[in-house]
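A.B. asks: The following block contains the structure, expressed as structure tokens.
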């Protein structure tokens, strides 16, 4: 295999695969600081340093069965064509009864991934962890900009919940107010000890989870193109992910907008550990049983 796999474990040891890792290095519409096209490879590289035994869950999460697929070749494609490739790739893994884990790239990759999930889970609900609303109708004359991804998801009449928000345009805020939406702003989260329970109980149905790395506080996640102060802490974001994994059926997820830089290896490692921890929350019951059975 001529590409990196997620985690330094022999994937062939686990015959039953439940998780497909898909790299989608799309970066056509980045704002300010670029580099998100390098995010997927950087995550795979950093994952080699992870302990396979999770220190919180006390399980070997990889026993759930991971397969790292070859990176999608998006070079030279328009955003529309790249989205079609991503949609097909995610749809194929869903047909194989796998959990697709998409590594971006810019946030635009979420749109085709969610569209693929809707084909199998018509009642899917998107949970977005992000510093930004991403609800612009267009950004720099591009309706498929990363700054418009949730607006396009809204156009598809797919419900969503936004968490960690702390930056938006007047246009976006007026849209939120007119539509009666209730994003979980950081100022509200920090003043509400029950916010995780509120998020988890606010909707029904399966979940597609999208995590923009700038949703985390830049003190632990500086490797993003558009960092915003006062973001989610490690404890806050993992508390939410744990709550969702316990109470909902997570059917797909992505981790996007990681922009690695020299000297920022700690941030890339944090992203890799967040992915592994999230998978641990999802598969803890299954893996715990398999470990007990030996």
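A.B. asks: Of these, 100, 70, 15, which one is free of Cβ contacts under 8 Å to residues at least 60 places away in the same chain, outside any helix (DSSP H, G or I) and at negative phi?
C.D. replies: Values: 100 fails: free of Cβ contacts under 8 Å to residues at least 60 places away in the same chain; 70 fails: free of Cβ contacts under 8 Å to residues at least 60 places away in the same chain.
Checking each option against the conditions leaves just 15.
A.B. asks: Next question. Restricting the search to the range 246-275, which residues are part of a helix (DSSP H, G or I) and under 18 Å from residue 232 (Cα atoms)? Quick ask: steps written out before the conclusion?
C.D. replies: In the first step, residues of the range 246-275 are kept if they are part of a helix (DSSP H, G or I); the result is 246-247, 265-275.
266, 267, 268, 269, 270, 271, 272, 273, 274, 275, listed by residue number.
A.B. asks: crowded, with 21+ Cβ neighbours inside 10 Å, under 17 Å from the mean Cα position of the chain (by Cα) and free of Cβ contacts under 8 Å to residues at least 40 places away in the same chain: which single residue out of 212, 217 fits that description? Explain how you work it out, then say what you get.
C.D. replies: Numbers: 212 fails: free of Cβ contacts under 8 Å to residues at least 40 places away in the same chain.
Exactly one residue qualifies, and that residue is 217.
A.B. asks: So, one more: So, in the range 55-84, how many residues would count as being in contact with a strand residue (DSSP E or B) (Cβ under 9 Å, 6 or more places away or on another chain) and more than 21 Å from residue 287 (Cβ to Cβ)?
C.D. replies: 7
A.B. asks: I'm trying to understand the selection: among the residues of the range 103-118, which are assigned to a helix (DSSP H, G or I) and modelled with pLDDT of 95 or more? Outline the logic, then answer.
C.D. replies: Quick first cut of the range 103-118, residues assigned to a helix (DSSP H, G or I) only: 107-118.
Listed by number, the residues that qualify are 109, 110, 111, 112, 113, 114, 115, 116, 117, 118.
A.B. asks: Further question on the same structure: Find the helices (runs of 4 or more DSSP H) located wholly in the range 155-217 whose residues include 1 or more that are farther than 18 Å from residue 129 by Cβ and modelled with pLDDT of 95 or more, and list them.
C.D. replies: Working: elements: 170-179, 186-189, 195-201.
Fully inside the range 155-217 and qualifying: 170-179.
A.B. asks: Being surrounded by 16 or more Cβ atoms within 10 Å (Cβ to Cβ), touching a residue at least 12 places away in the same chain (Cβ under 8 Å), under 18 Å from residue 227 (Cα atoms) and touching a helix residue (DSSP H, G or I) at 6+ places or on another chain (Cβ under 8 Å) is the requirement here; does residue 196 meet it?
C.D. replies: Values: surrounded by 16 or more Cβ atoms within 10 Å (Cβ to Cβ): yes; touching a residue at least 12 places away in the same chain (Cβ under 8 Å): yes; under 18 Å from residue 227 (Cα atoms): no; touching a helix residue (DSSP H, G or I) at 6+ places or on another chain (Cβ under 8 Å): yes.
Answer is no for this residue.
A.B. asks: Is there a residue in the range 47-55 that is under 20 Å from residue 270 (Cβ atoms) and crowded, with 21+ Cβ neighbours inside 10 Å?
C.D. replies: As a first pass, look at the range 47-55 and keep what is under 20 Å from residue 270 (Cβ atoms): 47-55.
Pick out the ones that are also crowded, with 21+ Cβ neighbours inside 10 Å and you get 47.
Within the range 47-55 (the criterion being under 20 Å from residue 270 (Cβ atoms) and crowded, with 21+ Cβ neighbours inside 10 Å), the answer is yes, since at least one residue qualifies.
A.B. asks: Let me ask another. Taking the stated definitions as given, is residue 126 over 23 Å from residue 42 (Cβ atoms), outside any loop (DSSP other than H, G, I, E, B) and under 13 Å from the mean Cα position of the chain (by Cα)?
C.D. replies: Working: over 23 Å from residue 42 (Cβ atoms): yes; outside any loop (DSSP other than H, G, I, E, B): yes; under 13 Å from the mean Cα position of the chain (by Cα): yes.
When the stated conditions are applied, residue 126 passes them.
A.B. asks: Continuing with the same structure: Within the range 148-174, which residues are over 22 Å from residue 208 (Cα atoms) and surrounded by fewer than 19 Cβ atoms within 10 Å (Cβ to Cβ)?
C.D. replies: Answer for the range 148-174, where residues must be over 22 Å from residue 208 (Cα atoms) and surrounded by fewer than 19 Cβ atoms within 10 Å (Cβ to Cβ): 167, 169, 170, 171, 173, 174.
The values are calculated or read from the model by the stated rules, or taken from the named source; none is laboratory data. Given the structure is predicted, the values throughout are model-derived calculations rather than measurements. Glycine gets a Cβ as well: all are built from the backbone with ideal geometry, and neighbour counts include every protein chain shown.
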